[in-house]
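Enquirer: Got a structure here, written out as structure tokens. Questions coming.
Every number in this text was worked out from the coordinates using simple rules, so none of it is lab data. Because the structure is a prediction, the values reported are computed rather than measured. Heads up, the Cβs are rebuilt from the backbone with ideal geometry, glycines too, and the neighbour counts pull from every protein chain shown.
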Amino acid sequence: MDGAAPLFRMEGISKRYGGVRALEKADLTVTAGGIHAILGENGAGKSTLIKIMAGVVAPDEGTMTLDGREVSFASPAAANQAGIVCIFQELSLIPELSVADNIVISDPPKRIGMIDRKAQRRIAEEALARAGASDIHPCALVKDLPLSRRQMVEIAKALARKPRILILDEATSALTAADVAKVFEVLKRLRSEGLALLYISHRMNEIAELADHCTVFRNGRNVASYPAGSKSDNEVVELMIGREYSHIFPPKLGPNAAATTVLEARNLSWADRLDNISLSVRAGEVVGLGGLDGQGQRELLLAFFGVLRGLSGEILIDGKPVSISSPTAASHGRIGMALIPEDRKTEGLMLPMTVRENLSFAALDRLSKGGIIDRASEQRLIDDMVGLLAIKTAGLDIPVGALSGGNQQKVVIAKWLMRQPRIILLNDPTRGIDVGTKQEIYQLMRKLADAGAAILFYSTDYDELIGCCDRVLVLYDGAVKRELVGAEITEHALIASALNIHGEGAGPRQGVGA
Amino acid sequence: MSETTLGGIAGRMPKFLRRADPAVVTAFACIVILLLLGSLYSRSFLSPEYLLQQLKVASFLGVIATGMMLVILLGQIDLSVPWSVATGAMMACAAAAYGSVGVALAIPFGVLCGVAIGLVNGIGVAYLRIPSMIITLATNAVAQGLMVVYTGGFSPQDSATAAMRYLATGFTIPGVPNAVIIWALIGAAMVFVLTRTSFGRAVYGIGNRERAAYLSGIDTRRIVLIAFAVSGGLSAFGGVLLAGYASKAAQSMGDAYLLPSIAAVVLGGTSILGGRGSYLGTVAGVILITLLQSILSVMQMPEAGRQIIYGVVIVAMLLLYGRAPASR
Amino acid sequence: MKDWRYWLAEQRGTLLAFGIFIVMFAIYSGNHPAGFTANVVQTAANKGVLLAFVAMAQTLVVITAGIDLSVGMIFTLTNCMASWLVIGTGLETAFGVLAVLGTGLLCGAVNGAIVIYGRLQPIVATIATGAVFFGLALLLRPVPGGSVNEDLADFLTGRFFGVVPASLVALLVIVLVVWVPFSRSEFGRAAYAAGSSETAAYMSGVPIRRGKFLAYTLAGLLAAIGGLFLTFFTYTGEAAYASGNAYTLFSIAAVVLGGVSLFGGKGSAIGAIFGALAFRTIGDLLFVFDFDPLWQPLFQGVILLIAVSLGAFALFRVRNRLEWFL
């Protein structure tokens, strides 16, 4: 900007997780008295970047300088000490403590060894006022506050630490419009007080209003840096895409209008996370769920699988309304549903148990007679699955935790295929696994669909949605915002509708749901 | 670093070595050491009579520890053992006072009372999601209260039936006490259930990760309920056997079985966090505890010393095997 | 909202326990043959404070989302110890008291070290240490016996100014000297924070381990104070297994009645004290209504069962069934 010396600079930062590169020689320069927006699609490396800044993870290579001196942070506390405070997406508030307790938690004011409640109250009130949230009472318990108020407390807590650089990672995602306006005023005031602010958001209108400077990340690299307002939304979207296609996808057969509808939802709503969703999936069809992470996709899959209570609306299987009250009900009997869950390590597998036990776990009722497992038929089916999915394991009796991530995921999928499900729900099944296994999963999905399965597939990777899906529903804020069919499924359309802006040539379509 | 290499090495190891749990091996090694130490003290420690006598004493604990193991495999705990044992014993003896029908039904009635306690525990843990240690403490108190009201605070005068005495002290096969045969049968059934049935698989699955088991379509609540009911029933059956052994039931006869049953299971390598452990380990743990008790009493170690040694041994063994992972 | 409304909301559990206690005690003294006299109050107070001390001890640990099943045994051990040491001249008695309290601290510290630094589950660890503590108690008192400095005992179990039970005053002093500083210190807050959400506490840089360790250690101290008072009331020491276990059990009941959440992070020792007093009064209600005392254990057991089941109602608000497994 106006030639001021940079407050903080990152140069040549790289970070790998296992074989996956998250950041590759990334650079970033932060100047005092400015709001710097960071843009990029899911997995572009933004969150790794700020975790490194905040001392949560250490970079593999590269240097960081603060006030021209090289620094490195061993822990979040060390980063805080240096004046870098981050407001993470996951809240770090303690629910049973009061707002004031939480605001001063890392360094409470003390008198004769005890916490000075008056001073604490004063600090908390100041911090809340600075955050523009003086309507929050410092004595209220955090657990009694709605999510949006908690987010404000989180901001106040960060301000009480007197930061020089404040990082906001999707900090406005849970806020109401009125709160967002207040937070913006606060941020602008902080800017005028000389703080450096790093702002990460998917909301283009927010960035347009707030940012002085923007940096776009793609594939773990900063690909463009420009003064805010100098590029149109569409140019920004182009910058965020621009990725070479690295996957090979199986051919799609195209729509088969004759196929029957297997899974259907009508006006599905749940808490404040699902908003009147209607959709249908036909036999032999792969329907994708797109959108930014956390827009209700996971909840939608859980709703179908009988995990959520207090669901309103209807779920229909083969055109008949059903009430699914548990995963047992969803997977057993006529419905024949399977869910490949979000986190294979805690939801899909029992890591210390053997490959064999994990593979047959979801199909125990089919493999046993009178409760006693028929070991011959278990072995036969497991052999089939290991062959079908080419699971690489040193044996069936080793802990599944000893397999590679890709093979673990294959075990999760195989354990459900042992039931021969008719409806398969996949929750981001390729996250964190190697390219080769990804390809195999794409092939398998298409093969299952061709054999008549109805597949609902959530992915955070837009390439996959484009390559695998016959249709894609884009969710935003718990509602289906757009439906893209066949050739309409392009990266541009996906990103534009995920950000809820209307890109050219792809007007909003009404009447979602087949 | 590579997880696959690790699996590869494990896969090439001989099967018995791969499967042997270091905790089980250690427990059996401790048994041998105890026997050798004992034989230094007195020759009779290695005599078949002494060993059979120890097995017979161990079988009461063995039956009770079997139920405890099932619950611990789920990652829960059953602290209602003391009064489940006493309730089983007292109710079986009480039934015996009601004519020939009562005598015939004494054993099943006693066991059923234990199952009832277990069902309350199971409902509390599985359906109300009350922490197991709390709800089982509460049902233990209620069972105690019921028994105190029933017996009037004294040890009941009803005596055990002939069948109970026969099960606990008789010999069907010459030289092998019936109690040992019963433990062997229950143990064999438990091994079968744990390794060959879908129920057993589900128990291990729930103990490892209830969330994953639930999402795999297992009715986890029903499994937990059944496991607690079985644990209550086995505790009560242990009480029935003890009543047969002593010819009558007594107040607080179960108190001496809570800590040893947990200790036997945990010393046998079953993780207190659930999901991991073999029945062979529990057998080793039961024999180890019984031998320890026997040797301490032969050496005329007072009750005080026994309690201290118990506690210290359990903490020490747990620090070796039962620690939670360090990472957060 | 006004400040006092927040205070009220925060103290709801404590106030509820206080209310239950007042109602129960009114019924109790109203129907007591002797009526509401200083004597009745003194007897009730002396019985109640024993459980109150043990319940305070349990509270400290429960706040960290742990549990201490050895409190009753620390209580028994220190009782046996006091029956040897708290005797003789004033100075000897004072040293005896210090030794007893030091033992309690040590027992608590051992529990804390095993649970926090040894990373064992609190439940099994404290059952095992409880066995050790009971063994030590039995070593000290194989048969009931011993004696205590009766002047001190009578002073602390009598009445001040003819009306105020001395044991209640002692309880108040302990609250002011132990509980209040703890709950208002950084470590006390860390104990609460760790019990409420250990991950959030870690991310906020709270001294979790030291907070929890202090909680376990002070729990040992409070149980020892209870053991000391038991000696003052009975003039003897007894290694009674059943009584030690009962105190552990009742301490959990008192804690639950006192509005302390067994899941950690919530509640106060003051609430647990009223929970303890209320629990004792409910147990004694049977006497004034001429019930057979045989029914008392059942009655207390049922109260306990109801108290622990009350927490389950939050379950019906859970809308995502996966939250059952957290």
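Enquirer: Where in chain C lies the longest segment free of chymotrypsin sites (Phe, Trp or Tyr not before Pro) that are both loop residues by DSSP (not H, G, I, E, B) and have at most 11 other Cβ atoms within 10 Å?
Expert: It works out to C:1-160.
Enquirer: Here is a follow-up. Add +1 for every Lys or Arg and -1 for every Asp or Glu among the other residues with Cβ under 14 Å from the Cβ of B:Gln307, and state the total.
Expert: Residues close to B:Gln307 contribute a combined charge of 0.
Enquirer: Could you work out how far helix A:117-130 tilts from the main Cα principal axis of chain A, as a 0 to 90 degree angle to the nearest 10?
Expert: With rounding to tens, the tilt is 80 degrees.
Enquirer: Another question, if that's okay. Which lysines, on any chain, are close to A:Lys345 with Cα under 17 Å apart, when same-chain ones fewer than 8 places away are left out?
Expert: Here the lysines satisfying the reach criterion relative to A:Lys345 are A:Lys410, A:Lys415.
Enquirer: Relative to the longest principal axis of chain A, what angle (0 to 90°, nearest 10) does the C-alpha long axis of helix A:435-450 take?
Expert: The helix A:435-450 is inclined about 50 degrees to chain A.
Enquirer: Using the Kirkwood radius over Cα pairs, work out the Stokes-Einstein diffusion coefficient for chain B at 37 °C and 0.692 mPa s, in µm²/s as a whole number.
Expert: 160 µm²/s
Enquirer: Using a cut-off of 16 Å between alpha-carbon atoms, which aspartates and glutamates can reach A:Lys51, once sequence neighbours fewer than 8 places away in the same chain are excluded?
Expert: A:Glu11, A:Glu24, A:Asp27, A:Asp60, A:Glu61, A:Glu90, A:Asp169, A:Glu170
Enquirer: Report, ordered by chain and residue number, the lysines lying within cross-link reach of B:Lys56, taken as a straight Cα distance under 23 Å and ignoring same-chain residues fewer than 8 apart.
Expert: Filter leaves B:Lys248.
Enquirer: I'd like the orientation of helix A:147-160 relative to chain A: the angle between its Cα long axis and the longest Cα principal axis, in ° from 0 to 90, rounded to 10.
Expert: So the inclination is approximately 40 degrees.
Enquirer: Under the 0.36 nm per residue contour assumption, what length would be gained going from the current alpha-carbon distance of A:Ala208 and A:Ser230 to full extension?
Expert: Stretched fully, the A:Ala208-A:Ser230 segment lengthens by 6.9 nm.
Enquirer: Could you give each residue of region A:426-432 its phi-based ³J(HN,Hα) in whole Hz, using Karplus coefficients 6.51, -1.76, 1.60 with θ = phi - 60°, and x for Gly or Pro?
Expert: 10, 9, 6, x, 9, 5, x
Enquirer: Further question: To the nearest 0.05, what FRET efficiency results for B:Ala104 and A:Arg366 with a Förster distance of 45 Å applied to their C-beta separation?
Expert: Once rounded, the FRET efficiency stands at 0.65.
Enquirer: What are the membrane-span-like helices in chain B by this rule: whole DSSP H runs, Cα extent along the axis at least 24 Å, mean Kyte-Doolittle hydropathy at least -1.0?
Expert: B:22-41, B:48-73, B:99-122, B:132-151, B:178-196, B:220-246, B:279-298, B:303-321
Enquirer: Taking only complete DSSP H runs, can you tell me which helices of chain C stretch 27 Å or more along their own long axis by Cα positions and average at least -1.0 on the Kyte-Doolittle scale?
Expert: C:12-31, C:38-63, C:90-112, C:208-234, C:269-288
Enquirer: In the structure shown, do any of A:Lys110/C:Lys212; A:Lys162/C:Lys212; A:Lys392/A:Lys447; A:Lys46/A:Lys447; A:Lys188/C:Lys2 have a Cα-Cα gap over 27 Å, and if so which?
Expert: A:Lys162/C:Lys212; A:Lys46/A:Lys447; A:Lys188/C:Lys2
Enquirer: Please report A:Ile13, B:Ile182, B:Ile206 as a ranked list, fewest other C-beta atoms within 10 angstrom at the top and most at the bottom.
Expert: B:Ile182, A:Ile13, B:Ile206
Enquirer: Something else about it: In region C:117-215, which trypsin sites (Lys or Arg not before Pro) are in a loop and have at most 15 other Cβ atoms within 10 Å, using DSSP for the loop call?
Expert: Hits after loop and neighbour filter: C:Arg119.
Enquirer: Something else: Rounded to the nearest Å, what's the spacing between the alpha carbon centres of region C:289-308 and region C:161-183? Just the number, please.
Expert: If we compute the Cα centre of each part, the gap is 29 Å.
Enquirer: If I model a spin label as a point 7 Å beyond the Cα along the Cα-Cβ vector, how far apart are those points for A:Ala259 and A:Ala77 in nm?
Expert: My value for the distance between the label points is 5.6 nm.
Enquirer: While we're on this one: Once you put a point 7 Å from the Cα of A:Arg69 and another 7 Å from the Cα of B:Ser247, both along the Cβ direction, what distance in nm separates them?
Expert: 8.7 nm
Enquirer: If I stretch the segment between C:Ala38 and C:Glu323 completely, what's the gain in nm (0.36 nm per residue apart, minus their alpha carbon distance), one decimal?
Expert: Gain in length upon complete extension: 97.5 nm.
Enquirer: Report the label-to-label distance for C:Lys2 and A:Arg16 in nanometres (one decimal), using points 7 Å from each Cα along the Cα→Cβ vector.
Expert: Each label point is offset 7 Å from its Cα along the Cβ direction, giving 6.6 nm.
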